[in-house]
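Contents: one structure, followed by commentary.
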Amino acid sequence: MPTVRVFVPASPRHAEHPHLPALAHAFAAEGVDTHFTLMGDGNMHWATAMKNIDGMTTYAVRHEHCACAMAIGYHVSDKVVSPNTRRGVRRGHGKM
């Protein structure tokens, strides 16, 4: 089994969420080099951790379906991709 090296930078931005940079580096180690995101209050730290990876390209979108559609289109190129969305309208309004 290959060894995955994880670099966790000491950053005050991630003081509340120290696991996110490590998780983002693990995603990158698996071949994720592109990240489509709709940033909201629930995923802003994760989107920032992904964006801060060297070689990671982050695309900000305006709606959840855009992040997923762009990721599906990108995945056709046989690359590993990471779509990321916020909680969504229903969860944000307590409907679920």
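The values are calculated or read from the model by the stated rules, or taken from the named source; none is laboratory data. All values reported here derive from a predicted model rather than from experimental measurement. Note that we place each Cβ from the backbone using ideal geometry, even for glycine, and neighbour counts take in every protein chain shown.
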Review point. In segment 10-31, is there at least one residue being at pLDDT below 85, surrounded by fewer than 15 Cβ atoms within 10 Å (Cβ to Cβ) and assigned to a helix (DSSP H, G or I)?
Key: yes
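The rows are residues; the columns are (1) surrounded by fewer than 13 Cβ atoms within 10 Å (Cβ to Cβ); (2) more than 21 Å from residue 16 (Cα to Cα); (3) in contact with a strand residue (DSSP E or B) (Cβ under 9 Å, 6 or more places away or on another chain); (4) not acidic (Asp, Glu).
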residue	(1), (2), (3), (4)
40	no, no, no, yes
63	yes, yes, no, yes
74	no, yes, yes, yes
80	no, yes, yes, yes
Check your understanding: Among the residues of segment 48-61, is any within 15 Å of the chain's Cα centre (by Cα), surrounded by fewer than 16 Cβ atoms within 10 Å (Cβ to Cβ), under 17 Å from residue 19 (Cβ atoms) and at pLDDT 85 or above?
Key -> yes
